[in-house]
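Heads up, the thing below is written out as structure tokens.
None of the figures in this text is laboratory data; all of them are computed from the coordinates on show. In this text the structure is predicted, and so the values were computed from the model without any measurement. Note that each Cβ is placed from the backbone with ideal geometry, even for glycine, and that neighbours are counted across all protein chains shown.
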Amino acid sequence: MRAPGQSTIRRPLSLTTAALALATGVMVAPAATAQDADVQSPPEVPGEIDRQVLAESVSAYDVPKSISVFDVDSSIEELGGADPDEEDVIVLEADILFVPMKWDLPGSASDRIAALVDQVPEGATVDVHGHTDSLPMPEGSEVDNDGLSEHRAQAVADVLAAERPDLTLAVEGFGDSQPAVAEDPDDPSSLAANRRVEISFG
């Protein structure tokens, strides 16, 4: 037998629950039972995995083929063109050889320069030409760009004369009159490329 008032408590709760479901638009589904969970099947595997599938998915790492060998000789660019009738040109970067605005060679440069002309034919006539960029020498300098290029060419020629007395040397400085590349004030490397001493032989 129910106590008085028990039904009056449950009825308002049921009405409130129904009203809330309608207001929110939410359908309340019954909770899944343990039996429903047992009925659900696991997701299907997308394709059978066999030995062939596994073999095709493996990449073999070949150590010898993955190593690049650095060949010093092949990394040197031959200047002067491929035509054997053209002269060979050896370009010395002035920024490496000389202190800025100076023309005295460091002692360590002699062996390097001598090695560069090791293959020049005996008795050949060799031109040693100095070049600068277009930037003017600072005010109060001993020489201008023409003088700087000539002094640097002569410094290289002195090394050649000592190491290869069999060569006939023609030394000349051109200042900035024969740039190797077009200069771009925003690209310092274009200026550096024009600061050079060229050794050429036919």
Exercise for review: With a point put 7 Å past each Cα toward its Cβ, work out how far SER177 is from ASP104 in nm, to one decimal.
Suggested key: 2.9
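When every alpha-carbon pair in segment 93-166 is counted, what percent end up more than 14 Å apart?
Pairs farther apart than 14 Å: 62 percent.
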